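Engineer: Let me give you the structure first, and then I'll get to my questions.
The values are calculated or read from the model by the stated rules, or taken from the named source; none is laboratory data. Only a predicted model underlies this, so the values are computations on that prediction, with no experimental measurement involved. Backbone-built Cβ (ideal geometry, glycine too); neighbour counts: all protein chains shown. Surface accessibility is based on the protein's heavy atoms, side chains included, excluding ligands, DNA and RNA. Shrake-Rupley method; radii C 1.70, N 1.55, O 1.52, S 1.80 Å.
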Amino acid sequence: TTAAAGQYATSILIVSIILPLFRFRLIPEALHSTMTVSAINDETILELPVSSAGQSLWQNIPWIEIVVICYFVGLSFFLIRQLVGLMHLAAMIRTSEKEMVSHSAILCIIDCKIQPFSWFRYIVVSKDDAKSNYFPIILRHELTHVERCHSVDRTIFDLFACIFWFN
């Protein structure tokens, strides 16, 4: 069921990216009445008054550029935040006591109190959890995450969260 949940979540991600590319007309567009002008010549066009009074200050602001800049500032912020988190994670793994638990996983035991988690082939637990009676259950749970490559899913979802930060 966990694999099915992962596939379901990945499918939702793909649909949420593709769906906005299609145009749906749930409400019919109102018919616009058109007015035909049949008596326009070169002299009439030259006599038409030109007025800039209709333009407001808001029309002169480069909205597209502002929105693009805001998007990339937000994207940069969230990507940097993600990278800082990954560097913190790498430092935590690097300074931990390591022990091979299977051909595909390495157990990392750290001094600070944290919730057990896995990251690619590393399973990170606190010393208290490693000594607890529940450790075999914790280890089996995290080994399942490692075997099913859930870190790849998590990395993809974190990347998309950075890209679509405005949501």
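Engineer: Tell me, yes or no, whether the range 158-165 has at least one residue that is surrounded by 14 or more Cβ atoms within 10 Å (Cβ to Cβ), touching a strand residue (DSSP E or B) at 6+ places or on another chain (Cβ under 9 Å) and either of a type in the set (A, V, I, L, M) or closer than 30 Å to residue 73 by Cβ (or both).
Structural biologist: Checking the range 158-165: not a single residue is surrounded by 14 or more Cβ atoms within 10 Å (Cβ to Cβ), touching a strand residue (DSSP E or B) at 6+ places or on another chain (Cβ under 9 Å) and either of a type in the set (A, V, I, L, M) or closer than 30 Å to residue 73 by Cβ (or both).
Engineer: Right, something else. Identify, by number, the condition in (1) open to solvent by 50 Å² or more (accessible area, probe 1.4 Å); (2) farther than 30 Å from residue 17 by Cβ that residue 78 doesn't meet.
Structural biologist: All conditions pass for residue 78, except number (2).
Engineer: Taking the range 143-154 as the search range and keeping residues that are under 24 Å from the mean Cα position of the chain (by Cα) and surrounded by 15 or more Cβ atoms within 10 Å (Cβ to Cβ), which one is nearest to residue 99 (Cα to Cα)?
Structural biologist: Applying the filter and picking the extreme gives 146.
Engineer: Spot the failing condition for residue 76; the list is (1) touching a residue at least 12 places away in the same chain (Cβ under 8 Å); (2) polar (S, T, N, Q); (3) closer than 25 Å to residue 14 by Cα, and only one is missed.
Structural biologist: Of everything listed in (1) touching a residue at least 12 places away in the same chain (Cβ under 8 Å); (2) polar (S, T, N, Q); (3) closer than 25 Å to residue 14 by Cα, residue 76 misses just condition (1).
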